[in-house]
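Please read the structure below before turning to the comments.
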There are 2 protein chains.
Amino acid sequence: MSDTRRRSASAVPTIRDVAQLAGVSIGTASKALNGTGQLRPETRARVMASAQQLSFRPNDLAHSLHRGQSFTVGVISNDSFGRFGMPIVEGLEECLSDSRISVFMCNATDDPQREARHVESLLGKRVDGIVVTGRRADRREPLRVAVAGLPVIYAFSQTDAPDALCLLPDDEGAAFLAADHLIRLGRRRIAHVTGPERFEAVRLRRAGYQEALAQAGVADDAAPVLTGEWSEAWGRDALQRLFDADRAAPDAIFCGNDQIARGVIDGLRERGVTVPDDVSVVGFDNWRIIAEATRPPLTTIDMNLKELGREAGRRLIELIAGKRHTGVHRLPCSLVVRASCGAPQPPT
Amino acid sequence: MSDTRRRSASAVPTIRDVAQLAGVSIGTASKALNGTGQLRPETRARVMASAQQLSFRPNDLAHSLHRGQSFTVGVISNDSFGRFGMPIVEGLEECLSDSRISVFMCNATDDPQREARHVESLLGKRVDGIVVTGRRADRREPLRVAVAGLPVIYAFSQTDAPDALCLLPDDEGAAFLAADHLIRLGRRRIAHVTGPERFEAVRLRRAGYQEALAQAGVADDAAPVLTGEWSEAWGRDALQRLFDADRAAPDAIFCGNDQIARGVIDGLRERGVTVPDDVSVVGFDNWRIIAEATRPPLTTIDMNLKELGREAGRRLIELIAGKRHTGVHRLPCSLVVRASCGAPQPPT
């Protein structure tokens, strides 16, 4: 610690020194110095004043970043550029391009050899860091990077390596939010129709749902959980099982994704059961093409993946600047209220 | 021409010379020399023999590419990483990574200033070329690139600049294919329910559909065209109009996209009309999450966008190597037969 202080007192001032003096984050200081991003004028002025006081010149920026030779980072995706990976890359790219960092896209297609070739290629390009993303948030092998200290972030992906930084949506908290919303609407027989047990997200979402029901004193037999597939067909099938079972029909159904919710709602309509008057339905994903076209439009959880991508960008900039981040961080999800739950909708 | 020959006789041999001697494309020669991609062993051997005969060393590869300093290219997308842009980038990245070229992803979000900043940043990174892609294939302003001769390809995007190279799906041919398929199934009252008139794709698809019907001698009043929105709700609404109209109901409906087709099929089922026995339905896009979940699963056009991306990659490699390509090229689409048209399905 004292060693660090001594070094920064004698050496060329870094962007960390500027940020510290101005009382802002490194990302904000970077934006202010680059003249990019949306900052309040007074923030920008404070950063510029700090830079002047420390004799920090814009050209020092490159030196102040730990390995900042290239202003490029790589994204390795196993999502085949799909619907979970893309909003993350969108947020990441938006955040990084504000700091003039460009993003290499690499599709590893779940092929370890292809992933290894991409890593080799990215190292050859002298990237300042790598973001790993996936089609599901389950654990994977750590990325094999032969360069010590190269910042790596797992976004919507995780690994067991002790020093890894993993950013994930808070599936458990999101499910609690959804179930609690249904309880507050007066629902008491709340079923959960979800995807395959082998997904960590399925287990976490069930736990959050059960916690909300336990807090409200809902009995277990009023809270059946049906695990199956991530499909509309499974939603219709599960709905039939719920209504044919030897117990009172549910007055609410919390679904593990929007496709299941779509199948559940189609099934309810075809049985003559009205949504949301007879049964409230809540989905998960806020996949708008499904959620908005469902009849009635679907209340659902949004994992805020674009914001998760932005957060990965901010953290990566800090890692590149020498800050240390490790551990698994769960970021908040939100409930998007449409017509299928019966709650008053916010004005649009 | 003679000038070119003289130069290549005296100078260091290029990959073009190797490719020409081996009778293969520059892309294939590149793969063979890099030991990447899937080539027949005899092709690879022929390229290696040609390289040896010309004293072409692998290290010459970089020099042989026109501006090949960086082995990077940029993609500028206005599709917010969406469903049309992504398969294109996927195919492009797959093709280019076989030639060890990495891809920078830039999201311009339809903001000209943001696009200009991305171009500036890409030029700063010394990219060897740029691919422009969009959320729709309509005409746009040419990309403003201040570097003369930098290869630029418009993929699922087009511009009027006379020397631009634009790769687009053959919307007109695809619609002909779909309508002709319905005619061959014996259908004679074939309606077309499609998206907004302002899309070039809407106009081209209608033209292809009408050409097929004209060739089969179908009268105009048996071929109503309804333009509206790209949504399920419009599909259901249009269906009602078709069945409430003062003419015989259609025995087939060709839809401008899969969401419309989904709405049409839901509407038919809710009227008690059987698909495909009473009415055949064909969609457009092969958006699997919709097409496979429709009841019955949807026969639809696939624009082969991943292959369009690969073709953009091959062309870009050739442009970088000094070859000239200009003009608008329409690439073939295919018909994916599922249950909604009534044709025998190919074995899966």
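Throughout, read-outs are computed from the coordinates displayed, never taken from laboratory work. Not measured: the values here are computed from a predicted model. So basically every Cβ, Gly included, is an ideal-geometry build from the backbone, and we count neighbours across all protein chains shown.
A few comments on the model shown:
- With kT/(6 pi eta Rh) evaluated at 10 °C and eta = 1.306 mPa s, and Rh the Kirkwood radius from Cα pairs, the range A:256-296 diffuses with a coefficient of 157 µm²/s according to Stokes-Einstein.
- Partners of residue B:306 within straight-line reach, counting lysines whose Cα lies under 21 Å from its Cα and excluding those fewer than 8 residues away in the same chain: B:31.
- Whole-Hz Karplus values for the range A:218-234 come out as 6, 5, 4, 6, 9, 9, x, 10, 10, 9, x, 10, 8, 9, 4, 4, 5 Hz, taken residue by residue from phi with 6.51 cos²θ - 1.76 cosθ + 1.60 and θ = phi - 60°; glycine and proline positions read x.
- Placing unit charges on the Cβ atoms only, positive for Lys and Arg and negative for Asp and Glu, gives chain A a dipole magnitude near 1320 debye about its Cα centre.
- Built amide H within the under 5 Å cut-off of residue A:283, gap 5+: A:255, A:299, A:300, A:301
- C-alpha long axis of helix A:305-320 to longest principal axis of chain A, angle in °: 20 degrees
- Dipole of the range A:171-302 computed with +1 at Lys/Arg Cβ and -1 at Asp/Glu Cβ about the Cα centre; of A:233, A:191, A:256, farthest Cα towards the positive end is A:191.
- Geometric extent, Cα atoms of chain A - Rg, Dmax (angstrom): 23.8, 78
- Cβ crowding within 10 Å averaged over residues, with B:322-331, A:125-134 ranked highest first: A:125-134, B:322-331
- Dipole of the protein assembly as shown, positive direction: furthest Cα of B:208, A:86, B:43, with charges on the beta-carbon: B:43
- Spread over its residues, the convex hull of the C-alpha atoms of the range A:171-302 is 89 Å³ per residue.
- Axis-nearest residue in chain B [Cβ, rotation onto A], distance in whole Å: B:105, 2
- Between this copy and the others, label points of residue A:332 are 5.5 nm apart in ascending order, each placed 7 angstrom from Cα in the Cβ direction.
- Inter-copy label distances for residue A:141: 4.9 nm (label point placed 7 Å from Cα along Cα→Cβ; shortest first).
- Take residue A:243, push a point 7 Å out from Cα through the beta-carbon direction, and compare it with the same point in every other copy: 2.0 nm, smallest first.
- Chain A: antiparallel DSSP beta bridges as a percent of all, rounded to 5: 10 percent
- Compactness of the protein assembly as shown, expressed as Rg and Dmax over alpha-carbon positions, Å: 28.2, 89
- Helix B:171-184 and the longest principal axis of the C-alpha atoms of chain B enclose an angle of approximately 40°.
- Positive dipole terminus of the protein assembly as shown, leading residue within A:154, B:181, B:223 (C-beta point charges): A:154
- Hydrodynamic radius of the range B:105-260 per Kirkwood, over alpha carbon pairs, in Å: 17.9 Å
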